[in-house]
Amino acid sequence: MLNRIDLRGLATDPRALLPRAAGDVEAATETVRPLVEAIREHGAEAVRAATLRFDGVALTALRVPAAALREAAAVLDPAVRDALHESITRARLVHTDQLPAEVTTQVAPGGTVTQRWRAVERVGLYVPGGLAVYPSSVVMNVVPAQTAGVRSLAVASPPQRDTGLPHPLVLAACVLLGVDEVYAVGGAQAIAMFAHGAAPECAPVDMISGPGNIWVTAAKRLLRGVVGIDAEAGPTEVAILADEHADPRSVAADLISQAEHDPLAASVLVTPSPGLLDAVEAELPRQVAATKHTERVTAALTGPQSAVVLVDDLDAGLRVVDAYAAEHLEIQTRHARAVAERVRNAGAIFVGECSPVSLGDYCAGSNHVLPTARSARYASGLSVQTFLRGVQLIEYDEPALRAVADHVVALAAAEDLPAHGQAVSIRFAP
């Protein structure tokens, strides 16, 4: 079912040989550019027009009424309510511990630099719809923003054709988190609405976070700089580094769980064990046939973005997973923690057989909004830090400035910026 890539004996860089989903975000930006410009110029009217065109929903108001939020919370299944509460509780524990401390450094007697942290004032949080519903993404976006101290939060999620509202599970999750500003807007139009505002219904934000499809990603790229952007999210992906000690049933189940998201989802197994490979390939058809979304899963597993990669040994496997830089990386090997600590590039690392990616999707306490498409080489997942800005306070008294004045003047002269030096020396002129 999975493509095979045999890298045994390969001495060159494996990156060009590893599977990846196809997608041209740059071309998509040109497609969404007129939409973004229309919303910048015409506000709510253009958002409603785009929603009718792309979602088939005629909105009279963009914002979800308070009564609809209350109703969604009232009819929420008790088991789902309990699960969301647990997810929120665990996420708050982890994200609270991420809060950085204010630090004051005495550079010299009478001279200090203080690093302070200030939250972004207003944030737009995008929750995707489409093939699945994601109340968990409400949790993963809202909790770190609230923990950081963001004062104004707005959520946007695509409207359902039958109700004209976001999915009731998304609305209920917003209620549980105390978010009452929710918009029935999806896709690129939601990103443009947040960035430019949609007068008189939605005020512009300072930052946008949350995953989405290629059109959402394209709009984010186009609007980066107008507002802050968390990341450009691509199709979801999992890489599993496993040896002969892994359970093939668990490995197969974890590959399928990511493939369930989207036909473009990537599921990659990296192993030095031909025996495990054979066992997983024997297990996959049985589990795929038994799962609900068989067609979607099959498309993802047989696509060019998914594969089994054979390597010589675990050292070679580590080189491959570092080159792949997966959004989610599972380590299912002997001494899994020691192996995991050697990984350099991954959005999140799931250690051992009892730490599957689906745990992280919901109730591990970690955040599931993670870097994709090899961006884990330089980017991090969503966290409290995403919504914080570092602000430095510089405070020197007269003796401290006098002590360093000659150095400032010398460097200013070296850079041919004499007025910089004069701004210091004039303070000590008779």
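The values are calculated or read from the model by the stated rules, or taken from the named source; none is laboratory data. Every value quoted in this text rests on a predicted model; they were computed, and no experiment measured them. Note that each Cβ is placed from the backbone with ideal geometry, even for glycine, and that neighbours are counted across all protein chains shown.
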Handout entry: Filter result for the condition that a residue is among the β-branched types (Val, Ile, Thr) and in contact with a Leu (Cβ under 8 Å, 6 or more places away or on another chain), over 288, 297, 351
Key = 288
Completion exercise
Flagged in region 15-44 as part of a loop (DSSP other than H, G, I, E, B), under 26 Å from the mean Cα position of the chain (by Cα) and at pLDDT 85 or above, in numbering order, are 18, 19
Exercise for the section: Might you let me know whether region 68-83 holds any residue that is more than 18 Å from residue 145 (Cα to Cα), touching a Ser or Thr at 6+ places or on another chain (Cβ under 6 Å), assigned to a loop (DSSP other than H, G, I, E, B) and not assigned by TED's automatic domain parsing to the domain that holds residue 363? Expected result: no
Practice task
Kindly indicate whether residue 131 is within 29 Å of residue 214 (Cα to Cα), modelled with pLDDT under 95, of a type outside the set (D, E, K, R) and not in a helix (DSSP H, G or I).
Solution key: yes
Practice task
Kindly indicate whether any position in region 151-168 is of a type in the set (D, E, K, R), closer than 30 Å to residue 340 by Cβ and either surrounded by 22 or more Cβ atoms within 10 Å (Cβ to Cβ) or out of contact with any Leu (no Cβ under 6 Å at 6 or more places or on another chain) (or both).
Solution key: no
Exercise for the section: Determine whether residue 286 is surrounded by fewer than 24 Cβ atoms within 10 Å (Cβ to Cβ) and touching an Asp or Glu at 6+ places or on another chain (Cβ under 8 Å). Expected result: no
Exercise for the section: Taking residue 391 as meeting all but one of (1) assigned by TED's automatic domain parsing to the domain that holds residue 309; (2) part of a strand (DSSP E or B); (3) β-branched (Val, Ile, Thr), write down the number of the exception. Expected result: (1)
Handout entry: Yes/no for residue 262 being assigned to a helix (DSSP H, G or I), in the same structural domain as residue 328 (by TED's automatic domain parsing), touching a Ser or Thr at 6+ places or on another chain (Cβ under 8 Å) and touching a residue at least 60 places away in the same chain (Cβ under 8 Å)
Key = no
Completion exercise
Here the residues within region 397-408 that are hydrophobic (A, V, I, L, M, F, W, C) and over 45 Å from the mean Cα position of the chain (by Cα) are 403, 405
Fill in the blank from the handout: Over region 324-354, the set of residues surrounded by fewer than 17 Cβ atoms within 10 Å (Cβ to Cβ) and either of a type in the set (A, V, I, L, M, F, W, C) or in a loop (DSSP other than H, G, I, E, B) (or both) is 334, 335, 338, 341, 342, 344, 352, 354
